Each structure stands twice: as C-alpha cells, then as structure tokens.
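What follows is a short report on a single structure.
Values in this text are rule-based calculations from the coordinates and carry no lab data. What you see is a predicted model, and the numbers here were worked out from it, not measured in a lab. Glycine also receives a Cβ, built like all others from the backbone with ideal geometry; neighbour counts cover every protein chain displayed.
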Amino acid sequence: MNPGTGRGTTRRTVLTGAAALGAAVTLPLTLTSGTAHAEAPDAAALRARWHTLLTGGAGLDLTDERIAAAVARTGRAATTAATGLDPSRTDGLFADLTSTTLSNHVTTSFKRLATIATAWAVPGTPQYGDTALADLLLAGVDWMLTHRYGPEHSRFDNDWDWEIGSALALNDASVLLYDVLGAERLARITTAVRHYTPDPNLWRADRQIATGANRVWISTVVAVNAVLRADGDALIRVRDALSDVEGSGANSVLAFNDRADGSAGTGEGFYSDGSFLQHYKHPYNGGYGKELLNNLSRLLNLLAGTEWTVTDPELDNVRAWVDEGFDPLLARGDVLASVCGREIARPSKQGHASAQTVIEAVVRLIPSFPGDTADRFTALVKQWIAEDTYRDFLAVTDLASLVAARRVLDSPVPARGPLVAHKQHPRMDKAAHHRPSFALGISAYSSRIYNYESIQNENLHGWHLSDGMVLLYTDDLGHYSEDYWPTVDPARLPGTTVVAGRPADAAGQRTTSAADWAGGTALPGTTLGAYGMELRAYGSSLHGLKSWFCLDDVIACVGSGITADAGPVETVVENRKLPDPHATLLVDGKAAPTDAGWSARLDGARWLHAEGIGGYIFPKPATLRALREERTATWREINLKYGTDTPVTRPYLTLWQDHGAAPAGAGYFWLQAPAASAGRTRQWAAAPPVELVSDSTAVHAVRRRADGLLAANFWTAGASQELSADGPASVLVRPEGRTVTVALSDPTQLRSSVVVDLARRGLTVAAADPGVRATATGRGIRITADTANLHGATLNLTLKRS
C-alpha cells in the first residue's frame, strides 16, 4: 500500500504558507492493513499521539499547582461518572440511562466510560492504573456492545449519537484502555464502530453526504478507528474526505463556500466573511463551527508529519476562520449567542463553555502555524484567556490543553489587547460591534437565512432570536450565563419588535423571511457601521423597518412603518438580567423604585440610565413601559432533551415601547449608550451627539454632530439631505479633513449595481475599490458600484476636495 496514492490525488498539492498546519510533528509512519490487534510501532505512535490529546501525555509535573488541580479535577469527574456504574444490570449500564428510545442515553453511557478511563490513564488520580477499575470498565464496554451498540442492534432516535457521539467516546475509551482490551474485544469494538460509521464521506442510515462539522466528526471517528486497526487505507480516505476528493471538492470542509473560482460549495461550513452555516441556513459559528474547528485541530494533530498529512492548499483558510469567524464573535470569553443555534438552550453550554472549545482548538493549532502567524495567534489566545475574568480557562480546560496553553502563556509575545472593531457577516445576517468598554451583537434574518433552530426538542422558545435581537456584553461577564435563557422573557428579547404573546413551542423554527433586506455597511478600520433589516414576522402580519447605526460609543436605533393587522405590538428597548436586583434605574434623573414587581408607564421620558448597563436617550420624548420582576423557570421548559427540572429564579429589568393594538406606521428612535455613566447620559440627553435625519419608509438616516458623518439605510429609492440612492442600499459618508470616505453595499444581495448621488461639489476620486466609479454631476458626484455577486459586502470610495 502506498499512502500517497488514492482517489483524486490531483486535489492534493503541497502547501506553502499552510504547510506547517499539517506537519507539526514529523513521524515517518507506514501503516499497513494488518490484523485487528497488530502491534506495529507506527500504529503505536499514532495511538500515543491520540492518548496524549486525551491525557496530557507522559511527564506531567504534578508539583505544578495548575497541573495538580487539573489531575484532581480529572479524578473527581471520573468519580462522578462512575456513580451507579453496574454491569450486572439488565436495563441499563447506569440506572439513569436506561432508555431504548433516547439515543443520547447511549452516547452518555460511553462518555462516562471514557471519562473514567481518562482518570485511569492519568498518573496522580485516585483511579490511575487501578486493576479493579479496569475490569469494571471492560465489563462496561462489554455490556454496551452486548445490549446497545453494534451490528446486532437497531439504531433509534438521533443518527448523531450512533455515528458520532457514541463512536467518538468509545474510540477514546479504547485508546486509553488499549493495553488491557485484548484482541477479541478490540475487534468487537472496531467492528461496532465501523458498522455505524464506515465512510468518512457519508453518514446517517440512508448514507447521505456528510457536510460541515458532521463530516469532520465522521472523519475523526473513522481515523481513530483506523489507528486502532492499523489501517492505512482508511487514513487515506479520511485525509481525502476533508477535501472531498471523491466529490471533486464540492463538500470540502476546508474550502470556503463562496470560492474564488465561483464554484458552489455545499452551503454548509465557513464563508470568506467568517460566517458559518450548518443545517443549510442556520448561523452556527458558536455551535457546529466551533466543533468543526475543535475536531479538525485534533485530527490534524493526529495526522501531522505522516504520509497522511493534509496538504490541501485550502487548509490555509483555517487562519481566516479564526480571524473572521471567531475573534469578532467572542466577547470577553462569551460567544455571541446569536451564532450558537440551539446550544443556548443547553445548561452545559453556559458559562463561556463554547469559547473554551474555541480557545482549545486554536492553542492546539498554534505550533503548526508559520512564525508570524503563530505569534499573532499566541497574542490572540493570551488576550482571550486574560480578558475572561468570569471563567478561568486554566481552571476548567483538559490536561492536554492546559499543558499547551501554559506554553503559549509563557511566550514573550504580549497579549493582543481588546478587540475594537465593527464586523458584519452578510452571509448569515449578523453584526458585531466591539468597543473598549462593551460589545454588541445584532441578529437579523432574511430570505437567505433561517430565523432559529429548534430540533430534537431543544430551544423551544427561540421565536424572536433573529427579529432584531440586540445582545449587549458589558463588564457583567456572566450576564448570558447563570440561567439567562430559561428565565428571560422570550417574547421580549432586547431590540426586537414583536406581536406580544407566546407562540407554541418551536413555532416557526427553520423559517426564512419574506424580506430580502438584511445587512449593512461597515467603514474599514473604524467602529462605524450601518445595519438594518426589513422585519416580516413569522405567524403574523407584523411588518417594520429597523436600523442600528453603530457610531463608536453610541448606537442610534430607528424604526418605521411598524404595522400589523391585529395584536399589541412592542419594541423592546432593553431586557436585562440584573446582577444586583436593586440596581438603580434613573428616569430623567430620578431614581425609580427597586422593588420586584414594580411596573410603570413612563410618559415623556427623555433619558434613562440603568446602573451597570448604560444609558438610553430619547431626543424626542417617548412613552415607555418599565418592569422589574423575579422570573422563575426550568431548563426543561426550553429543552426537553437536556433540560433539568430544578426551578431557577433571576431578577430582570425590562423596558419597551408599546405601539398599541394593530398599529399602522408606528416608529421609534433612541440612542443607546452602552456602559455610559449617568453623567454622560444626562449630557447627551441635553445635547444629543446624533440627530435623526429621516425615519420614513424609504430611508432611515442619522447624522453625527461632531464630524457630520451621515449614515443611511435606503429601503427603496429615495433621498436624505445631500444623499440619494436609486434603490435599496446602505451608505456611510464620512468627511474627514480634505477627504470624504463613502462606504456602501446592497443589503438585499440582489442588485447588480447601486447608484448613489452625493450633493457635494468639488470632489474627485482619490481611491476606489474595484467596481466603484464616480462621475461629476451638476449638484455633486454620482457613485456607481457594481454589487453583483458580492453578497452584501461593503465597497469603499475615498474622495478628495479639489
């Protein structure tokens, strides 16, 4: 067998800049297809590499406090996992995992065995090398193979558990217990795994093509199974499956879905703007995306420096995934909830757990990056770890990641510093705004993107997650942890405009909008952005136009044309879980009551300030409703699969505008000043830093007083002061000294060109992106931008005064 040959090898060329990603370690391995328990030295080396990923490897310094704590943590986890383990039972290996209709009981049983096996394999734990425990583990594996998992058993419920979840955990346990398994048991294990997961390209009972994170998961299962069997042919298929050699690259997980050559990808996976989609049209960077990165980093580590090294040039895209698809979506240790899909409804994914997975993956990749890139990602990881003061990464991560992270932290490379940027992801209708004192995420959807996912009885109340939800991340780093998602009022998510009431569980999930307009424009190198969406609500006649103009520390929120045939309609200004239930709310400078259950109608409010949150300024006095409440719920209410029945209670402050029943053409305008002091909020209320220029159904526009910046979202052809557009567009015009910068886009992603007229004379072109042209007119200058196939991306033009 020659590992360098196989199907479609023309897609496999040697990397240049990305070569090190697949060659972190050099091991001249030449596996052969041998017996199930062949003890080839090279197979042992690969097993040892995977064993190190699971345990941290040999030579752990138990005198190191961090290492000792992690070892103790591993032992405690095993003790908990072993509770109730009883191979003499007939109904289930564990008393609480006896279902023959819920497949996650099978996966969880194998995960517990792997957790116990990890402690058995780690020196310093109470379980290390315990022969009686080894016998118990082997009996547990035998029980699962006899009663639940293998060719003689019928699968039920979720294919993921059979082909991925259970297989991954059983593979890990088998690597850890390899020396005591015996040839017969090992053959039985590998046969069982291959029964469900024989091909890295295909999955599910009907053998569908695997895409996105599922393809990487499947490939990992096949790879570790191949190592256990010393099967080099299977490793060829794993290597090629990542690039989808068999499908001529159509389902490659390494290539962007919007490829430079114009070819179409599967639609699932990463896009060049950093968006990640799974399950066809669901934004999922913080769910499936992080799992793809995590498992790919483990798989690359396994194959690095071997004859199965991944050498697809598209592997270099991994660097862009981190830069564009993860960094802008992390807020001091938390992944923006708008890109975590149904995982927000899982109690185990609270507390910055998703960000931990991202950090572990990048730490694993750093040694394989070229020098400058390695330094840059070292600085990035240092920043991520340091800025999350809510959850100490080093106190929760696994042993191998701890060892690797300590090496990164010991590097002389300084931390990157806080992210200050405005980033839009037009491929998934999301935006993120990062300032030194806060981060803000905006969640929209359109004809191109689904609203939310609720499958497997999870995320049952996600109805409004993309109806203009605005998530604010401040110094309260645990805000979206500690039971936020089960206790928040899901019918009043911040930023949304909704028909009041509670739909049925999972109502409308996996639905696209009837509207195309969602997106905006970002000015490069600044924290200036215009964002908006045309809202056409699921299940009602509610329609409205919503804009967010992110102008450094102020966000101008504009709404117009809010219309519905029936039902009370609300726009939610804020809905915040309070770390202090008695946090002060100032209304025009006067403190409101802090008692739970307080509610009020606030007539003619000009400004509000919520302690620890920030300010809200209403240049035109507005009528608001306010409510303090203690909300009690269980996780089971939003997740029947993984939820718990223990009631939890959290304090909330909610502010909203009531547009009344069946409104016709209602609107709103306020300035949000996240993290602003009460004094600053009062000053801005007296002299608003941003003025409303237009809030019609043709255009929303605002102007910043300090520099005259004009930001506009055109819903149709229209004009706003010196700016006009020939149709839907998002435009920023920023004067600065003798130059004027114009940024524009087509948020509908349907137009071949956008034409904008700027009524300012004496301007000539200093620089322009490809496809942007400018010509003088009698009133100023006409800008024509070719927007075909740009999918909402921003184009830029710099003008200078002549």
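Suppose the Debye formula is applied to equal point scatterers at every Cα of the range 691-802; what is log10 I(q)/I(0) at q = 0.12, 0.16, 0.21 Å⁻¹? Per q value, in the given order, log10 I(q)/I(0) is -0.36, -0.66, -1.16.
Taking packing as the residue-averaged number of other Cβ atoms within 10 angstrom, the listed peptides 480-492, 463-475 run from highest to lowest as 463-475, 480-492. Mean sequence separation of contacting Cα pairs (under 8 Å, at least six apart), scaled by the length of the chain, corresponds to a relative contact order of 9 percent. Working ranking of peptides 651-662, 143-154 by packing, defined as the average number of other Cβ atoms within 10 Å per residue, highest first, is 651-662, 143-154. Put simply, the C-alpha atoms of the chain give a gyration tensor, and the ellipsoid matching it has half-axes of 48, 31, 24 Å, longest first. A simple spin-label model places pseudo-atoms 7 Å from Cα toward Cβ; at Thr775 and Ala566 they are separated by 5.3 nm. Taking only Cα atoms, what is the 0 to 90° angle, nearest 10, from helix 232-243's long axis to the longest principal axis of the chain? Helix 232-243 sits roughly 0 degrees off the main axis of the chain. Checking every one of the trypsin sites (Lys or Arg not before Pro) in the range 709-802 against DSSP loop status and a limit of 12 other Cβ atoms within 10 Å picks out Arg738. Overall, the anisotropy analysis places the range 9-409 in the rounded class: the square-rooted eigenvalues a ≥ b ≥ c of its C-alpha gyration tensor yield a/c less than 1.5. The shape of the range 330-430 comes out oblate: with a ≥ b ≥ c from the C-alpha gyration tensor, a/c is at least 1.5 while a/b does not beat b/c.
In this calculation the C-beta distance from Ala664 to Arg705 is compared with R0 = 41 Å, giving a FRET efficiency of 0.80. With a ≥ b ≥ c taken as the square roots of the eigenvalues of the C-alpha gyration tensor of the range 427-578, please select rounded if a/c is under 1.5 and otherwise prolate if a/b is larger than b/c or oblate if it is not? Verdict is oblate for the range 427-578. The loop-placed trypsin sites (Lys or Arg not before Pro) in the range 200-290, going by DSSP, that have at most 11 neighbouring Cβ atoms within 10 Å of their Cβ come out as Arg207. Among the listed pairs Lys290/Lys577; Lys382/Lys641; Lys290/Lys641; Lys281/Lys546; Lys382/Lys800; Lys577/Lys641, give every one whose C-alpha distance is greater than 31 Å. Check vs 31 Å cut-off fails for Lys382/Lys641; Lys382/Lys800. Looking at the range 562-647, the chymotrypsin sites (Phe, Trp or Tyr not before Pro) that sit in a DSSP loop and have at most 14 other Cβ atoms within 10 Å of their own Cβ are Trp598. If you bin all the Cα-Cα distances of the range 195-236 at 5 Å, starting from zero, the percentages per bin are 6, 26, 33, 21, 11, 2. Each residue, Ser802 and Thr584, gets one label point 7 Å from its Cα in the Cβ direction; the gap between the two is 5.7 nm.
Using alpha carbons only, how many degrees (0 to 90, rounded to 10) separate the axis of helix 65-81 from the longest principal axis of the chain? Between helix and principal axis, roughly 80 degrees. Counting only alpha carbon atoms, the long axis of helix 399-409 and the longest principal axis of the chain meet at about 50°.
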